[in-house]
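**Student:** Before anything else, here's the structure in question.
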Amino acid sequence: MRRTLFGALLMIAVAAVMVSARGAARWTLAHLSDGQPDFQGYWTNATYTPLERDRDLGTKEFFTPAEAVAYAKKREQIENSQSKDDIHYDNVIWQNENYSKVVTRNRTSLIYDPPDGRIPDLTPAAKAMAAVRASEARLHGPSDAADSRSLGERCISWGNEGPPMLGSTYQANLQIIQTKSSFVVRHEIMHGVRIIPVDNSPHVAKNVRMLFGDSRGRWEGDTLVVDTTNYSDRTPFRGPPATTRQDIFTGRDLHVTERFQRIDADTIVYRFTVDDPSTFVKPWSGEMLMRTMEGPLYEYACHEGNYGLANILSAARVEERTGGLLSGRGQR
């Protein structure tokens with residue numbers, strides 16, 4: 001009896017190994033003719049997982065599978081609470097026709113380091129700068145000029161292009177295109193296209209500063225490692241929504257390291273580390289998934305037919321002329 005039971009268990013174990021081996025053999029990472037691992041295709045990084053962890057969860061890095069399902073359901077209910085007779089264009093009811101959101105690997109936050117899953121404190125110098133910016137902001141109205149509005153409203157950036165790439169509030173879709181010398185990430189919103197050289201070319205000169213920095217990639221085995229420097233001090237690193245100018249807070253020492261690893265036919269694991277010693281007391285790191293989706297990407301014609309920004313500014317000028325009587329605020 002024992003021998004029979006042992007033999008049966010052994011056969012089950014062997015069969016499980018064989019099935020596992022066959023499953024593993026079903027997918028092998030393809031390589032392009034130049035030897036690069038093939039990451040090309042259409043992807044989404046839509047997720048319910050927040051950038052920062054709820055403080056009540058402390059250092060709990062992962063939900064149980066049941067908790068993750070419940071959390072996703074709760075978020076979906078919140079986003080679907082809008083009446084179907086009056087749906088805003090970016091409502092999840094509409095976007096779910098294109099892809100489904102997930103709780104990334106059951107994570108309670110995209111940030112996994114520090115252990116509390118939250119962006120570290122500002123340095124004393126950064127806190128002083130934040131106070132200066134807040135003081136300056138009180139001297140100006142949010143609609144004094146076009147550049148007083150958010151980068152999103154000005155059709156410049158939604159904050160999702162990165163680096164780090166933290167996803168978008170809606171249409172969180174992207175396309176990866178590879179050439180011998182470049183790894184290209186094309187975003188559906190706001191229209192951002194990241195062209196990352198992978199040809200061992202050096203970073204641009206230190207005096208050249210850009211909103212999204214200067215990226216350079218290299219292959220470590222089958223993992224793409226991207227190093228980005230040369231940021232300006234107005235980079236919307238926190239991701240969507242692209243907030244008002246005074247809330248976009250980084251230093252010129254910002255340095256982001258990203259890692260792209262394709263683990264199966266449908267998934268890329270994207271990890272990043274933000275290191276900005278002039279702004280944060282320590283670096284912080286996060287992880288999210290990119291999942292395959294059906295293309296193509298569609299044009300995000302932000303400016304065409306968009307009278308919102310012009311109307312906001314013209315209404316503000318009317319308020320100034322009437323002493324705020326239109327809004328009932330009275331004289332400012």
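Just so it is clear, none of the values below were taken in a lab; they were calculated from the coordinates. Keep in mind that this is a model prediction, so the values were computed, not measured. So basically every Cβ, Gly included, is an ideal-geometry build from the backbone, and we count neighbours across all protein chains shown.
**Student:** Trypsin sites (Lys or Arg not before Pro), restricted to the range 148-197: which are DSSP loop and have at most 13 other Cβ atoms within 10 Å?
**Tutor:** When the trypsin sites (Lys or Arg not before Pro) of the range 148-197 are filtered for loop state and at most 13 Cβ neighbours within 10 Å, LYS180 remain.
**Student:** Taking the Cβ of each residue in THR229, THR28, THR292, THR44 as the centre, tally the other Cβ atoms inside 10 Å and list the residues starting with the fewest.
**Tutor:** THR28, THR292, THR229, THR44
**Student:** What is the set of long-range amide H partners of LEU211 at a cut-off below 5 Å, with H atoms built 1.01 Å from backbone N?
**Tutor:** For LEU211, the qualifying residues are SER232.
**Student:** On the Cα set of the range 41-292, report Rg and Dmax in Å, please.
**Tutor:** When restricted to Cα atoms, the range 41-292 yields Rg and Dmax of 18.5, 54 Å.
**Student:** Next question, about the same structure. Using the Karplus curve 6.51 cos²θ - 1.76 cosθ + 1.60 with θ = phi - 60°, work out ³J(HN,Hα) for each residue of the range 144-157 in order, rounded to whole Hz, and write x for Gly and Pro.
**Tutor:** With coefficients 6.51, -1.76 and 1.60, one gets 5, 7, 4, 7, 7, 8, 6, 4, x, 5, 8, 6, 9, 7 Hz.
**Student:** Among VAL269, VAL103, VAL193, which comes first, then next, by fewest other beta-carbon atoms within 10 Å?
**Tutor:** Sorted ascending by nearby Cβ count, the order is VAL193, VAL269, VAL103.
**Student:** Let me ask something else. Ranked highest first by average number of other Cβ atoms within 10 Å, how do 55-67, 112-124 line up?
**Tutor:** Packing order, densest peptide first, comes out as 112-124, 55-67.
**Student:** Rank the residues MET210, MET288 as a footprinting-exposure proxy: fewest other Cβ atoms within 10 Å of their Cβ go first.
**Tutor:** Ascending Cβ contact count within 10 Å gives the list MET210, MET288.
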